[in-house]
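Just so it is clear, none of the values below were taken in a lab; they were calculated from the coordinates. No experiment lies behind these values; they were computed from the predicted model shown. As a convention, Cβ positions derive from the backbone with ideal geometry for all residues, glycine included, and neighbour counts pool all protein chains shown.
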Amino acid sequence: MNATIETILNHKSIRKFKEKKLTDQQIETLVKSAQAASTSSYIQAYSIIGVKDEQKKEQLAEIAGGQSYVANNGHFFVFCADLYRHEKIGEWESGDVIPSIESTEKFMVALIDAALAAQNAAVAAESMGLGICYIGGIRNDLYAVSELLNLPERVVPLFGLAVGYPDKETDVKPRLPYRHVYHEDSYQSQEVEMKKELDEYNEIVSSYYKERTNGKRSDSWTGQMAKMLTNRHRMYMKEFVEGKGFNKR
């Protein structure tokens with residue numbers, strides 16, 4: 001095992017950062033690391049908004065549900081699916097690009113490109129001794145986020161990434177069993193075996209929470225998932241995405 005793999009396997013979300021800002025050089029290194037990620041057909045269908053303005057960070061923290069670490073961190077990035085520049089390329093190069101840009105395929109390409117770029121940035125940050133936390137909470141109100149960040153049509157904010165110097169460490173959260181995630185040659189969907197493995201995983205997760213909270217919390221993973229998925233959340237997303245010119249075909 002090398003240092004890179006050790007960094008990846010030791011990942012944990014950090015939700016409390018020291019009052020120390022990232023330097024411009026650190027920010028540039030993280031963005032260039034993000035850009036080094038694989039991209040489908042060289043399309044590079046994403047943009048990254050770095051938010052330094054404290055008032056904007058406070059507004060984003062409020063949108064995200066009052067998450068203080070959205071405002072209090074070393075730097076805050078917003079990763080966006082972006083086909084705005086590609087629409088302009090169509091105009092400049094006299095190409096009929098709109099049907100392609102509005103397709104579900106290109107929407108998926110933009111999402112995947114942005115996610116790959118963000119994970120590169122996350123690993124780079126952790127390798128530098130920094131901590132990170134992905135922020136999906138900005139999707140609570142993407143209309144407000146788009147207005148706040150002045151995002152044009154064809155640009156959809158997907159998630160935030162808070163980066164900074166950790167002020168409080170947590171333990172690595174246990175993941176699903178290897179055999180439950182990795183399938184060889186075909187998908188293994190035997191319900192009895194799946195239930196058995198998830199029951200075992202529930203015990204691990206419950207023990208993790210008990211230890212972390214001194215017994216105040218002991219919920220299972222399947223219980224969390226059932227509760228989360230029962231609640232209808234951010235159901236405006238299809239309308240918003242289509243309104244931005246994505247996923248129409």
Original post:
Relative to the compact globular guide of 2.2 N^0.38 Å, what is the alpha carbon radius of gyration of segment 178-228, as a ratio?
Top reply: 1.35
Original post:
Tell me, how many Å apart are the Cα centres for segment 157-184 and for segment 203-249?
Top reply: 14 Å
**OP:** Rounded to whole Hz and in sequence order, give me ³J(HN,Hα) for segment 108-125 from the Karplus expression 6.51 cos²θ - 1.76 cosθ + 1.60, θ = phi - 60°, writing x for Gly and Pro.
**Re:** 5, 4, 5, 4, 5, 4, 5, 5, 5, 4, 5, 5, 4, 4, 5, 5, 4, 4
Original post:
Gain in length, residue 239 to residue 193, computed as 0.36 nm per residue apart minus the alpha-carbon separation, to one decimal in nm?
Top reply: 12.7 nm
Original post:
What size of dipole, in debye to the nearest 20, comes out for segment 178-228 about its Cα centre when the only charges are +1 on Lys and Arg C-beta atoms and -1 on Asp and Glu C-beta atoms?
Top reply: 460 debye
Subject >> segment 44-119: GluC sites (Glu not before Pro) in DSSP loop, at most 14 other beta carbons within 10 Å >> reply: 93
Original post:
On full extension of the chain, what length is gained from residue 222 through residue 43, given 0.36 nm per residue of separation minus the C-alpha to C-alpha distance?
Top reply: 60.7 nm
Subject >> Between 0 and 90°, nearest 10: helix 24-35 axis offset from the chain longest Cα axis >> reply: 90 degrees
Subject >> For peptides 107-114, 235-242, 125-132, sequence by mean Cβ density within 10 Å, most packed first >> reply: 107-114, 125-132, 235-242
**OP:** Determine the gain in length on full extension of the stretch residue 170-residue 105; use 0.36 nm per residue of separation and subtract their C-alpha separation, reporting nm with one decimal.
**Re:** 19.6 nm
Original post:
Quick one: helix 221-230 against the long Cα principal axis of the chain, what's the angle to the nearest 10°, folded into 0 to 90?
Top reply: 40 degrees
Subject >> With Cα atoms, 0 to 90° folded angle of helix 54-63 axis to the chain main axis >> reply: 60 degrees
Original post:
Of 168/210; 12/195; 16/173, which ones are farther than 20 Å apart at the Cα?
Top reply: 12/195
Original post:
For 97, 155, 70, what's the fewest-to-most ordering of other Cβ within 10 Å of each Cβ?
Top reply: 97, 155, 70
Subject >> Shape category assigned to segment 30-184 from the gyration tensor of Cα positions, a/c cut at 1.5 >> reply: oblate
